[in-house]
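The values are calculated or read from the model by the stated rules, or taken from the named source; none is laboratory data. Values in this document were obtained by computation on a predicted structure and should not be read as measured data. Neighbour counts run over all protein chains shown; Cβ positions are idealised from the backbone, glycine included. Ligands, DNA and RNA are excluded from the accessible area calculation, which covers all protein heavy atoms including side chains. Shrake-Rupley method; radii C 1.70, N 1.55, O 1.52, S 1.80 Å.
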Amino acid sequence: MTMIQNPNAKVILVGDGSVGSSFAFAMTLKGLGRELGIIDVNSNKARGDAMDLTAALTYNSAKRIYAAEYSDCADADIIVITAGAPQKPGETRLDLVHKNLAIIKDVVEQIMESGFNGIFLVAANPVDILTYAVLKISGFPKERVISSGTSLDSARFSDEIARYLNLDARDVYANIMGEHGDTSFPVWSNASVGGRHIDLWLAERTDDVEAAKEKIYTDVRDKAYRIIDTKGATYYGVATVLAKICRIIIEDSHSIITLGAYMDGEYGCNDIYLGTPCVLSRSGIQKIIEVPLTDEEKEKMQISYKAVKEVQDEGMARLGF
């Protein structure tokens, strides 16, 4: 069934760096929404990208693309935040926290002054902590403050499994959960392809299933660092995932997707954003799907929870929360 998207959807992008501009291009190619406003501290870059993207509309969609001001956020449906200092080679996502929290605070306060009342979608790193900051600064309900979370990690996970098995990644169901970072973990216990458990597929390809799993996950976990080492930043993958999330919201499709969601007791975690499958609609996260985990996976979720919470509490204390 083809979903009917909201023809009047308005999206504002804050942060026109590599991720932001790639997201804007993906949204343009997919023809999502009626208008896309771009806000960046470098206003010339925002104007230049708006002009460049407008030239692409002839063959893709009819919409308005422009360099925006924070006042334009007032009637937006979705605000996508990619603004922040980029992750440098050798730097973890958590190393970014203090400098990017200050940026997020300034951005969100200006957005809220406009009267914005839509959905926040945060992709700046460390994304779990910055999304929590957006929640607290905005005062919005938790279902309307969303993190890209482990959506990209899960996409990469499915891709690596598909490559190993020589199958189509769209037929793979597999999730990475927890932190979008070094303490994320693969949920092998319910990974499947074509309704068949992943272990059965792997056993047909190797005598050492556990070694195959370890290699697949290590490749997924380290992919961002390999990309950063070779080209300086990652942006195409996350930009495409962000466009997919926006499509689900705009089409109100109630799709299941792995996101960073606010935990209020799920998996034994509280007052934090972590990656988990969710039901997403036009009004935000409708439901967190609490996936049954093995004891080992539960332990890994707790490790992720504690690692993020420690840095989050320190960072938020500096902001006065």
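Please specify each residue of region 23-40 satisfying the condition of being over 21 Å from residue 238 (Cα atoms) and not charged (D, E, K, R).
Result: no residue meets the conditions.
Restricted to region 56-70, and to residues that are in a strand (DSSP E or B) and open to solvent by 20 Å² or more (accessible area, probe 1.4 Å), which residue is modelled with the lowest pLDDT?
Within region 56-70, the match that is modelled with the lowest pLDDT is 64.
Restricting attention to region 201-229, and to residues there that are loosely packed, with under 13 Cβ neighbours inside 10 Å and touching a residue at least 12 places away in the same chain (Cβ under 8 Å), which single residue is farthest from residue 153 (Cα to Cα)?
Restricting to residues being loosely packed, with under 13 Cβ neighbours inside 10 Å and touching a residue at least 12 places away in the same chain (Cβ under 8 Å), the top hit is 205.
Going through region 21-40 one residue at a time, which ones are free of Cβ contacts under 8 Å to residues at least 40 places away in the same chain and assigned to a loop (DSSP other than H, G, I, E, B)?
Result: 31, 34.
Do we have any residue at all in region 222-236 that's modelled with pLDDT of 95 or more, outside any helix (DSSP H, G or I) and of a type in the set (Ser, Thr, Tyr)?
There is no residue in region 222-236 that is modelled with pLDDT of 95 or more, outside any helix (DSSP H, G or I) and of a type in the set (Ser, Thr, Tyr).
Starting from residues that are modelled with pLDDT of 95 or more and open to solvent by 30 Å² or more (accessible area, probe 1.4 Å), keep the ones in region 71-89 and report whichever is nearest to the chain's Cα centre (by Cα).
Checking each candidate, the answer is 77.
Can we say residue 239 is modelled with pLDDT of 95 or more and either in a helix (DSSP H, G or I) or over 18 Å from the mean Cα position of the chain (by Cα) (or both)?
Here the answer is yes, as residue 239 does meet what is asked.
State whether one or more residues within region 109-121 are in a helix (DSSP H, G or I), touching a strand residue (DSSP E or B) at 6+ places or on another chain (Cβ under 7 Å), open to solvent by less than 60 Å² (accessible area, probe 1.4 Å) and under 24 Å from residue 294 (Cβ atoms).
No, region 109-121 has no match at all.
Looking only at residues in region 182-194 that are within 26 Å of residue 125 (Cβ to Cβ) and not in a loop (DSSP other than H, G, I, E, B), which one is most open to solvent (accessible area, probe 1.4 Å)?
188
Here are 43, 18: which of them is free of Cβ contacts under 8 Å to residues at least 60 places away in the same chain and open to solvent by 40 Å² or more (accessible area, probe 1.4 Å)?
Every option except 43 fails the conditions.
If you take the residues in region 161-181 that are part of a loop (DSSP other than H, G, I, E, B) and acidic (Asp, Glu), which one is least open to solvent (accessible area, probe 1.4 Å)?
By that ranking, first place goes to 179.
Here is a list: 320, 260. Which entry is open to solvent by 60 Å² or more (accessible area, probe 1.4 Å) and either closer than 26 Å to residue 21 by Cα or out of contact with any Pro (no Cβ under 6 Å at 6 or more places or on another chain) (or both)?
Selected residue: 320, the only one of 320, 260 that is open to solvent by 60 Å² or more (accessible area, probe 1.4 Å) and either closer than 26 Å to residue 21 by Cα or out of contact with any Pro (no Cβ under 6 Å at 6 or more places or on another chain) (or both).
Yes or no: residue 302 out of contact with any Pro (no Cβ under 8 Å at 6 or more places or on another chain), part of a strand (DSSP E or B) and at pLDDT 95 or above?
Criteria not met by residue 302.
Could you check residue 253 against (1) without any contact (Cβ under 8 Å) to a residue 24 or more places away in the chain; (2) small (Gly, Ala, Ser); (3) assigned to a loop (DSSP other than H, G, I, E, B) and say which number it fails?
Tallying (1) without any contact (Cβ under 8 Å) to a residue 24 or more places away in the chain; (2) small (Gly, Ala, Ser); (3) assigned to a loop (DSSP other than H, G, I, E, B), residue 253 fails exactly one: (1).
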